[in-house]
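Nothing in this text is a laboratory measurement; each read-out follows from the coordinates by a stated rule. Predicted, not measured: the structure shown is a model, and the values here were computed from it. Here the Cβ is made from the backbone with ideal geometry for all residues, glycine too, and neighbour counts use every protein chain on show.
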Amino acid sequence: MHDLENVLGDAGFWYASAVAAAGAAIVGMRARRAQHEPGIAFVVAVAALVGLRVSQLLVAALVVGVGMLGFGEWVFRAAPRSVRLGVEVPGAAIVAAALPDGSPFWARAALVGVVLLAALAVPGHDVRSPRLVPVLLAIGAVGVYACVPDTEAPIVLLGATLVASAIVLEPRLRPSLGFPAVVGIVAWVAAFGGLGRPGAIVGGLACLGVLLLPVPRARCGRAGEVAAVVVQLGLVAYEARVAGFEHSAGRALTLALPAFAVAWAVLLVVDRVERR
């Protein structure tokens, strides 16, 4: 009950929710006319940045870094994976630099690594099932909120992602640009909120969950979508409340990685069944 009061009493949450609701409605209307850019990722990014600004947490370097991540994806979306990865490095580094002074170097390096990994993986998930990615992001945002000791920024992220995930009801949604930029915001929020407990930084970053894993090969059917949501729920719950509750970052990482292996194995089994 206390957590609910904190969320509902936060101005940043409401501003992010309002922007996300308006943006999702516009994206839905445009999708019905076969207009898919800018898509729901752009809405989530803008909503989160507005909410952070209202909560007086927004820093210029974060805006620049997120913008560079989005611009790099837009310009080089047809380039080989190695080129796209290299292009996203400067944006990820600037997002990491946006963490407060005194933040440990390993936290900045982990943030960069997670952003680059997700920048390659998330667009693939979006192509496979465009309506699924906003839902997976929303689950991850709940996990970040449940994991980190400082919930100011995660509350804003909740407003942006939970409301935007309503786009799952639009069957004509198609893949769109912008998810690497969103991942940059999610990773920054997780690292910023977890600075009071090193293990929470690891757990918070790991709450991206399935979106950090390679995309299975099968065309995503109903079984694959259900499996992805179920695996995301279990993986995020574990990363947030088990691995992320360790004080030591090393111990948290030791607990976090095997869970990803199990999640990947489950998704591969479902993928193989679907291909048959």
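Whole Å is fine, so just give me how far the alpha carbon centre of region 176-190 lies from that of region 68-143.
Here the two parts' Cα centres lie 6 Å apart.
Evaluate the charge dipole of the chain about its Cα centre and quote only its size in Debye, nearest 20, assuming +1 on the Cβ of each Lys and Arg and -1 on the Cβ of each Asp and Glu. It would help to have the intermediate numbers written out before the result.
Details: 21 positive and 16 negative charges, 238 e Å.
It comes to approximately 1140 debye.
Remind me, relative contact order of region 70-214 in percent, using alpha carbon pairs under 8 angstrom and six or more residues apart?
Numbers: 198 pairs, mean separation 47.1, N = 145.
This gives 32 percent for region 70-214.
Find which of Ala41, Val236, Pro104 sits farthest along the positive direction of the dipole of the chain, computed with +1 on the beta-carbon of Lys and Arg, -1 on that of Asp and Glu, about the Cα centre.
The one lying farthest along the dipole's positive direction is Ala41.
Please turn the phi angles of region 17-34 into ³J(HN,Hα) values with the Karplus equation 6.51 cos²θ - 1.76 cosθ + 1.60 (θ = phi - 60°), one per residue in order, whole Hz, x for glycine and proline.
With the stated coefficients, region 17-34 comes to 5, 5, 5, 5, 5, 5, x, 5, 5, 5, 4, x, 5, 5, 4, 5, 9, 6 Hz.
Quick one: putting +1 on the C-beta of Lys and Arg, -1 on the C-beta of Asp and Glu, what dipole do you get for region 1-119 around its Cα centre, in Debye to the nearest 20?
Numbers: 8 positive and 7 negative charges, 115 e Å.
Magnitude of the dipole: close to 560 debye.
May I ask you to derive the FRET efficiency for Ala21 and Trp106 from their Cβ-Cβ distance with R0 = 30 Å, giving the value to the nearest 0.05?
Values: r = 37 Å, r/R0 = 1.25.
For Ala21 and Trp106, the calculated efficiency is 0.20.
Given an 8 Å cut-off on Cα distances and at least 6 residues of separation, report the relative contact order of the chain as a percent.
Relative contact order, the chain: 23 percent.
Could you give the spread of the C-alpha atoms of region 82-214 along their three principal axes, from largest to smallest, in whole angstroms?
46, 34, 20
Using θ = phi - 60° and the Karplus form 6.51 cos²θ - 1.76 cosθ + 1.60, what ³J(HN,Hα) does each residue of region 79-94 get, whole Hz, x for Gly and Pro?
Karplus values, whole Hz, x for Gly and Pro: 7, x, 4, 5, 5, 4, 4, x, 5, 7, 4, x, x, 4, 5, 5.
Return the sequence-ordered ³J(HN,Hα) values of region 178-195 in whole Hz as given by the Karplus equation 6.51 cos²θ - 1.76 cosθ + 1.60 applied to θ = phi - 60°, using x for Gly and Pro.
Taking θ as phi minus 60°, the curve returns x, 5, x, 5, 5, 4, x, 5, 4, 5, 5, 4, 5, 5, 4, x, x, 4 Hz for region 178-195.
If region 2-199 were replaced by its equivalent ellipsoid, with semi-axes equal to the square roots of 5 times the Cα gyration tensor eigenvalues, what would those be, largest first, whole Å?
Each semi-axis is √(5λ); the values are 24, 22, 13 Å.
Going by how many other beta carbons lie within 10 Å of each one, how would you line up Glu88, Glu5, fewest first? The partial results should precede the final answer.
Values: Glu88 27, Glu5 9.
Exposure proxy ranking, most exposed first: Glu5, Glu88.
Can you sort Asp101, Asp126 by how many other beta carbons sit within 10 Å, fewest first?
Values: Asp101 4, Asp126 25.
Arranged by neighbour count, lowest to highest, Asp101, Asp126 become Asp101, Asp126.
Relative contact order, percent, of region 196-273 when contacts are C-alpha pairs under 8 Å separated by at least 6 residues?
Working: 96 pairs, mean separation 38.6, N = 78.
Across region 196-273, relative contact order equals 49 percent.
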